[in-house]
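Chemist: To start, I am sharing the structure in question, which I have written as structure tokens.
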Amino acid sequence: MKVAVLGAGAIGAYVGAALHRAGADVHLIARGPHLAAMRRNGVQVLSPRGDFTAHAHATDNPQEIGPVDYVFLGLKANSYAACGPLIEPLLNDTTAVIAAQNGIPWWYFHQHGGPHDGHRIDSVDPDGAVSAVLAPERAIGCVVYAATELEGPGVVRHLEGTRFSIGEPDRSTSKRCQAFSEAMKAGGLKCPVEPDLRNDIWLKLLGNISFNPISALARATMRQMCHHGGTRQVIETMMQETLAVAEALGCDIGISIERRLAGAERVGDHRTSTLQDLEAGKPLELDVLLAAVVELADITHTDVPTLRTVHAISDLLAHRTAA
């Protein structure tokens, strides 16, 4: 199995290291000091499950790699439309693209069935720019439940979780999903093939849609947001509205809001990825988390006043950050 990791940051390098440990032919695509460190010392994984180092091929030039069986996409979703020159050398007729993104993916309504089948979500695929680069037919969905961070160039700190749920947009149990799942398991990760990954997407989104923008607006950690009474109430309302949109689209998350909040509180003083991006001066990945759900509320005629308010304010923050 030949795998390219496009965007071999904290999550991508961790997955690539695990697959390399399992014997896959892995190629990591990165740049800067992180790339130099991986070339020199390999990917160093520091984990409570045991430290290890993987000496996978690392490059900034996809032309060196050529077509692969799988592209594991570790880029931020707001980079997808511009990644054509990087991903095109990696593709053949059967290459699958596994997008490890938070929020609503560009392929969400591909082979969805029902009244919205084939609908393009403008906030995540504006004018079809993402679909033009990443054909929905190639997509395997992926919901990441692992927490990692780059402790330094070439050094990944694995904090918790090893689950990477995957699934086909058409809900089938495909051979390509099964093969990738087995390779991930051989590398020490959990990788269930879900019969309907959209349920997992909404489960993960339940936290991201609320905690991520609020953390950036308030400059607060998970614990701080959960312990502040007014903020906790706003987050709970956002979760209720998100559940209503999910249910309008036929999804069953299967978890209570109280249980989701309790899980978030246990994380402690963790800064969300959106807050980390804000502090680093990077673009904020809020369209797939928040704007997309507001758009889905429109097409399902679901009332989401709190989501709209938080979206309006956080969208201004995102535009100011990008300016």
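Chemist: Restricting attention to strands (runs of 3 or more DSSP E) lying wholly within region 33-114, give those where 1 or more residues are closer than 30 Å to Leu205 by Cα.
Modeler: Because the criterion is at least 1 residues that are closer than 30 Å to Leu205 by Cα, the strands (runs of 3 or more DSSP E) in region 33-114 that meet it are 43-46, 70-73, 96-100.
Chemist: Next question, about the same structure. Condition check: closer than 23 Å to Asp277 by Cα and acidic (Asp, Glu). Does Asp125 satisfy that?
Modeler: Taking the combined requirement at face value, the residue satisfies it.
Chemist: Among the residues of region 105-140 satisfying the criterion of being small (Gly, Ala, Ser) and more than 18 Å from the chain's Cα centre (by Cα), which is nearest to Asn92 (Cα to Cα)?
Modeler: Out of the qualifying residues, it is Ala132.
Chemist: List the strands (runs of 3 or more DSSP E) that sit entirely inside region 145-262 and contain at least 3 residues that are surrounded by fewer than 20 Cβ atoms within 10 Å (Cβ to Cβ).
Modeler: It comes to 147-152, 155-160.
Chemist: Here's something else I'd like to know. Exactly one of these conditions fails for Ser314: (1) more than 18 Å from Lys204 (Cβ to Cβ); (2) surrounded by fewer than 21 Cβ atoms within 10 Å (Cβ to Cβ). Give me its number.
Modeler: So Ser314 meets the others, but not (2).
Chemist: Can you name the residue in region 5-32 that is part of a loop (DSSP other than H, G, I, E, B) and small (Gly, Ala, Ser) and is also surrounded by the most Cβ atoms within 10 Å (Cβ to Cβ) among such residues? Outline the logic, then answer.
Modeler: At the first step, the residues of region 5-32 found to be part of a loop (DSSP other than H, G, I, E, B) are 7-9, 22-24, 30-31.
Filter again for small (Gly, Ala, Ser), leaving 7-9, 22-24, 30.
On the way: Gly7: 21, Ala8: 31, Gly9: 18, Ala22: 18, Gly23: 11, Ala24: 21, Ala30: 26.
Taking the candidates together, the pick is Ala8.
Chemist: Only one residue in Ala22, Ala54, Ala36 is more than 21 Å from the chain's Cα centre (by Cα) and farther than 26 Å from Gly141 by Cβ. Which one?
Modeler: Just a single option satisfies the conditions, and that option is Ala36.
Chemist: Same structure, new question: Mind checking which pairs have a first residue in region 251-273 that is without any contact (Cβ under 8 Å) to a residue 60 or more places away in the chain and a second that is assigned to a loop (DSSP other than H, G, I, E, B) and among the charged types (D, E, K, R), Cβ under 8 Å, 6 or more apart or different chains?
Modeler: Listed by first residue and then by second, the contacts come to Cys251/Asp196.
Chemist: Could you list all residues from region 70-105 that are over 15 Å from Val124 (Cα atoms) and crowded, with 19+ Cβ neighbours inside 10 Å?
Modeler: Tyr70, Val71, Phe72, Leu73, Gly74, Leu86, Ile87, Leu90, Leu91, Ala96, Val97, Ile98
Computed from the coordinates by the stated procedures, all read-outs in this text should not be read as laboratory data. Worth saying up front: this structure is predicted, and the values here are computed from it rather than measured. Reconstructed Cβ throughout: ideal geometry from the backbone, glycine too, with neighbour counts over all protein chains shown.
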